[in-house]
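J.: For reference, the structure I am asking about is given below.
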Amino acid sequence: MNIALIGLPKSGKTTIFNALTGGSASTEKYAPPATEPNIGVVQVPDQRVTRLSELYKPKKTIYANIEYRDYPGIFHTQESNPDNALFSDIKATEGFVVVLRAFADEELDELYPVGDPLRQLLAFEEEMLLADLIVTERRLEKIELGYKRGVKTAAIMFEEKLLRAVCEELQAGKPLRGMNLNPEEEKALRGFRFFSQKPVLALINCAEEDHGSMGEIQRQIEEKGYAAEIIAGRFEEELSKLDSEEALLFMEDMGIGESIRERFTHYCYNMLGYISFFTVGEDEVRAWTIENGSNAVTAAGKIHSDLARGFIRAECFNYDVLMQHGSEKQLREKGLFRLEGKEYIVKDGDILFIRFNV
Ligand SMILES: Nc1nc2c(ncn2[C@@H]2O[C@H](COP(=O)(O)OP(=O)(O)OP(=O)(O)O)[C@@H](O)[C@H]2O)c(=O)[nH]1
Ligand SMILES: [Mg+2]
């Protein structure tokens, strides 16, 4: 899973990235925009994997992980140029955490006057729409040119019609993630990796002392249809440098129940609609990530394409049931070890054994 931290300049992206990854990337106030993203991979904290590992005592325990990619402040500074190398990099990520500056800083307000968090988010979205529109219009021009040269297949005509609809949507100021697409249309658009099609979480980055009073701003953003969360970025960065007991005390003071890594894990899974399933055994206990609503074959394919190709059935039980009954042996005896076919929809916390034949 990979997630982009993006937003207008100096919104605190790198500060949050450091807090998340334990890194120490530069957050120099007057530094010009970086040219490369900071990249950090973070293990997804999951008690269930830890418990399963205690139970099965495998040689290897593998947690899921999330790659965070912290981009320099884009748009405004670099124009919405779709040829910008960073753009294609950003587009390859699965979801965007858009960091909004809600901490007061007179110098930054003067250098980068970005307005209140909701304005920042809308401005950012507008830039995404514009970048998508440029890509769409370019493609349409190419198609037109092809028509003139006699290239007019059914597939291209289908694409043209779809892109016209996309254009209309964008020109009306509507992000593409709200468009109702059938699977065929979805497939036709996938290659474009449109910005405004990505799932977005708005992250309100405020000063420590304002952490409890950002509710109204959060509500305004949610009213516009976005998921929104609040974070005190610099405070979190400082926390990440403390040992965990000390950090816990400060978190309690602030009324924060979970570490930034745990919270971000929920944010990212929710934003992307992902769930976890597990494989267990003597060799390895491992967490896997799939889209909620995926069937057993898709889950098998996550593990290895052979498992999907030769899928026969999944033997399965859920983590919670395992914990209730204590051991796999108990589950077998009580008939709770289920056999599931291809169409079975995998649930969060399922433990799967794939039977296959290739
Ligand atoms: N007061 C306060 N300052 C912050 C907070 N987060 C970031 N800053 C300051 O804002 C400035 C920019 O922070 P960065 O984390 O580098 O921001 P950025 O979004 O990565 O900046 P660019 O990558 O250049 O767009 C630094 O001087 C930070 O110390 C915060 O939560 N509170
Ligand atoms: Mg930065």
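J.: Only one of 181, 201 is surrounded by 12 or more Cβ atoms within 10 Å (Cβ to Cβ), free of Cβ contacts under 8 Å to residues at least 24 places away in the same chain and not in a helix (DSSP H, G or I); which?
T.: 181
J.: Of everything in the range 85-97, what is without any contact (Cβ under 8 Å) to a residue 60 or more places away in the chain and either surrounded by 21 or more Cβ atoms within 10 Å (Cβ to Cβ) or within 16 Å of ligand 2 (Cβ to nearest atom) (or both)? Give them in sequence order.
T.: Scanning the range 85-97 gives 86, 89.
J.: I'd like the residue in the range 98-156 that is of a type in the set (Gly, Ala, Ser) and under 25 Å from residue 188 (Cβ atoms) and, out of all such residues, is surrounded by the most Cβ atoms within 10 Å (Cβ to Cβ). Give the derivation first.
T.: Let us first name the residues in the range 98-156 that are of a type in the set (Gly, Ala, Ser), namely 102, 104, 115, 123, 131, 146, 150, 154-155.
From what's left, under 25 Å from residue 188 (Cβ atoms): 131, 146, 150, 154-155.
Working: 131: 24, 146: 14, 150: 6, 154: 7, 155: 9.
Filtering the range 98-156 for residues that are of a type in the set (Gly, Ala, Ser) and under 25 Å from residue 188 (Cβ atoms), the one surrounded by the most Cβ atoms within 10 Å (Cβ to Cβ) comes out as 131.
J.: Scanning the range 17-51 for residues that are touching a Lys or Arg at 6+ places or on another chain (Cβ under 9 Å) and among the hydrophobic types (A, V, I, L, M, F, W, C), which turns out nearest to residue 124 (Cα to Cα)?
T.: Ranking the candidates gives 17 first.
J.: Now a separate question. Step by step: first the residues of the range 1-29, then only those that are under 18 Å from residue 100 (Cα atoms) and hydroxyl-bearing (Ser, Thr, Tyr), then the one that is nearest to ligand 2 (Cβ to nearest atom). Which residue is that? Talk me through it step by step, then tell me what you get.
T.: Restricting attention to the range 1-29, the residues satisfying the condition of being under 18 Å from residue 100 (Cα atoms) are 3-20, 27-29.
If we keep only those that are hydroxyl-bearing (Ser, Thr, Tyr) too, we end up with 11, 14-15, 27.
Details: 11: 9, 14: 3, 15: 8, 27: 7 Å.
Residue satisfying both the conditions and the ranking: 14.
J.: Spot the failing condition for residue 140; the list is (1) in a helix (DSSP H, G or I); (2) out of contact with any helix residue (DSSP H, G or I) (no Cβ under 8 Å at 6 or more places or on another chain); (3) more than 16 Å from ligand 2 (Cβ to nearest atom), and only one is missed.
T.: Evaluating residue 140 over (1) in a helix (DSSP H, G or I); (2) out of contact with any helix residue (DSSP H, G or I) (no Cβ under 8 Å at 6 or more places or on another chain); (3) more than 16 Å from ligand 2 (Cβ to nearest atom) leaves (2) as the failure.
J.: Restricting to the range 35-68, name every residue that is part of a loop (DSSP other than H, G, I, E, B), away from ligand 1 (no atom under 16 Å from the Cβ), closer than 25 Å to residue 201 by Cβ and of a type outside the set (Asp, Glu). Steps first, please.
T.: Pass one, the range 35-68, residues part of a loop (DSSP other than H, G, I, E, B): 35-37, 44-46, 57-59, 63-64.
Add one more test, that the residue is away from ligand 1 (no atom under 16 Å from the Cβ), and what stays is 44-46, 57-59, 63-64.
Those still in the list that are closer than 25 Å to residue 201 by Cβ too: 44-46, 63-64.
Scanning the range 35-68 gives 44, 45, 63, 64.
J.: Being surrounded by 17 or more Cβ atoms within 10 Å (Cβ to Cβ) and either among the aliphatic types (A, V, I, L, M) or part of a loop (DSSP other than H, G, I, E, B) (or both) is the filter here, so list the residues in the range 319-339 that pass it.
T.: Within the range 319-339, 321, 322, 331, 337 meet the criteria.
Quick note: the coordinates plus some simple rules give every number you see, no bench work behind them. Remember, predicted model here, so these are calculated numbers, not experimental data. Here the Cβ is made from the backbone with ideal geometry for all residues, glycine too, and neighbour counts use every protein chain on show.
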